[in-house]
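Just so it is clear, none of the values below were taken in a lab; they were calculated from the coordinates. What you see is a predicted model; the values in this text were computed from it and never measured. Backbone-built Cβ (ideal geometry, glycine too); neighbour counts: all protein chains shown.
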Amino acid sequence: MNDSSVDERGYRLRAAALLRSAANDLKRDDEAAAADLGITAAEFASYAGGGAEIPAEVLRRAAAVWPVNESDLMPWRDDCPDGAVVHRLTDAIASARVLRRGGIAYYEYRDTAMSRVASFRPEWIRMLSVVDDDDPAHPGVRWNRGHLLYQFTYFVGPVNYYVREPEGDRVLRMNTGDSVWGVPFSPHTFTCREEGADAHILALTYGAELVGDAQRELAALGSGTAASFVRRPEEPASAAILRDFLDGCALPADRFAGLAGIPEDRVADLLTGDVPPTAEELARMAKALRVSPRDLLPVVSDMAGSIRHCRAGEARQWSYPSPGPAAYRIRELAGSSLHPHTRALEILPVTGSADVALRTYQHQYVYNVGAAPADLRWSFDGRSFEDRLEPGDSAYFKPFASVAFAAASSAGCRLLSLRIGGRVTPESRTALGSMAPGGLPRFLRETGRWY
Ligand code: FE
């Protein structure tokens, strides 16, 4: 992992801004904050101005005497100021290690592109256990316990994929180009079906909205409270959402019925979840509750158990852009309506086409799964860059980086792209857009007192 590229000065300035923000939120001027922290006002001004690094003791003291956590005062490190991290096959091979399960060598793992600013934890994994049937109870099949991170898996070669569901164990015989998306904590495992075959996967795990603050908040609130927050996609979600809003404004159902102009017995039915609201009822309820209709809409699940899979031959595909000369063939891989901001694509640059940049709001991971190199041109923050992804190379791109991929030879090339949302949710984006003018720079780096 690279430490040298971590931006020390930027880190110090972001840390300073967090300290200033914490003091601002608690209505402390420099003298009052310094007195709380047991330092001089001049020292506080220097730490909160970015002039000097904040000593760990000061952060500990702040977390002891103020209602903040150490993590609230610690910024992220930006290890890709150019908008991208390119990871070479040689570095992947250098990171190779064999992990054993139940006494046998089971997987060879290799790291691929990762960044501190994104939750991707993507691994190239070779299956070392070879089976001669599709029985999940085969002695060569060694299960894991499932893990926190979401997992998108891209298959290369004759790989058996096993997943443990409450109804029993499932086996999917996978081949090159097949893919699976799965939810956290479902036990799963992989084997090779053919002695001597190249059987590996790209196991692209990521935390998205689950890791970081949401996990820390729920862990601190307690297990009972965390259980109360659970919303199962298969339950009558529109009723649960409505119940939350009524509880949230301490509004009795009969009074709500009056405000919405909906008969009381109909509201009672809506609250049981036996019937969904009509479009007109949805609009009336949203108006009565002073929310947007979307706030009352449930998530629709398309999951079959804990996974969704897509066979290579069944993937939807299209040309991009269109109309006009195509620069890419795009193939859509496995994904789920549970995770609308995750998209897995195969991107096939059309040989000889002009550069067309692709740009997305998501964090993007790219792996060259083909046999030929791809030229990369990207622009980020007003600057332009070039590089090349050889087969087995991978890259990470920050959101809104414009990236053009081109086949470096007439052989064509094939790129796997996984795009995910980060902690900046649609709600965060609306909040950014609702700030008073001039708010955004101060949100990112508050430099002075607000009063
Ligand atoms: Fe996994």
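Note on 130, 299, 159, 230: ascending count of other Cβ atoms within 10 Å places them as 230, 299, 130, 159, the fewest first. Among 363, 450, 418, whose Cα lies farthest out toward the positive end of the dipole of the range 328-451, if unit charges sit on the beta carbon of Lys, Arg (+1) and Asp, Glu (-1)? Highest projection toward the positive end goes to 450.
For the range 234-296, report the convex hull volume of the alpha-carbon atoms normalised per residue, in Å³, without decimals.
It comes to 75 Å³ per residue, whole-number rounded.
In a simple Cβ point-charge model (Lys, Arg +1; Asp, Glu -1; nothing else charged), the range 234-296 has a dipole of about 380 debye relative to its Cα centre. The ranking of 191, 278 by Cβ neighbour count inside 10 Å, starting from the fewest, reads 278, 191. Once Rg and the Kirkwood radius are both taken over the C-alpha atoms of the range 256-403, their ratio Rg/Rh works out to 1.16. Each Lys and Arg contributes +1 and each Asp and Glu -1, all at the Cβ; summed about the Cα centre of the chain, the dipole is approximately 540 debye.
A cut-off of 5 Å between modelled amide H atoms, ignoring neighbours fewer than 5 places along the same chain, links residue 356 with 405. Computed on the Cα trace of the range 3-79, the radius of gyration divided by the Kirkwood hydrodynamic radius gives Rg/Rh = 0.97. Counting other Cβ atoms within 10 Å as a rough exposure proxy, the listed residues 396, 451 run 451, 396 from fewest neighbours to most. Tell me, how many Å apart are the Cα centres for the range 265-318 and for the range 101-116? Computed from Cα coordinates, the inter-centre distance equals 38 Å. Taking every DSSP helix (H) stretch of at least 4 residues in the chain, weighting each as -39,500 (n - 2.57) and dividing the sum by the residue count yields a mean residue ellipticity at 222 nm of -7500 deg cm²/dmol.
Tell me, which longest segment in the chain has none of the GluC sites (Glu not before Pro) that fall in DSSP loops with at most 11 further Cβ atoms within 10 Å?
Working: sites that count: 167, 195, 234.
My reading of the result: 235-451 is the longest stretch.
The charge dipole of the range 214-334, taken about its Cα centre with unit charges on the Cβ of Lys, Arg, Asp and Glu (plus for the first two, minus for the last two), comes to roughly 660 debye. Separation of the range 163-238 and the range 332-347, taken as the distance between their Cα centroids, equals 14 angstrom. Scaled to the globular estimate 2.2 N^0.38 Å, the Cα spread of the range 98-160, given as radius of gyration, is 1.27.
Rounded, prolate or oblate: which fits the chain, taking a ≥ b ≥ c as square roots of the Cα gyration tensor eigenvalues, rounded meaning a/c under 1.5, else prolate when a/b beats b/c?
Values: a/c = 1.62, a/b = 1.18, b/c = 1.37.
Oblate, because a/c is 1.5 or more while a/b does not exceed b/c.
Hull volume per residue, based on the alpha-carbon atoms of the range 67-184 and their convex hull, is 175 Å³.
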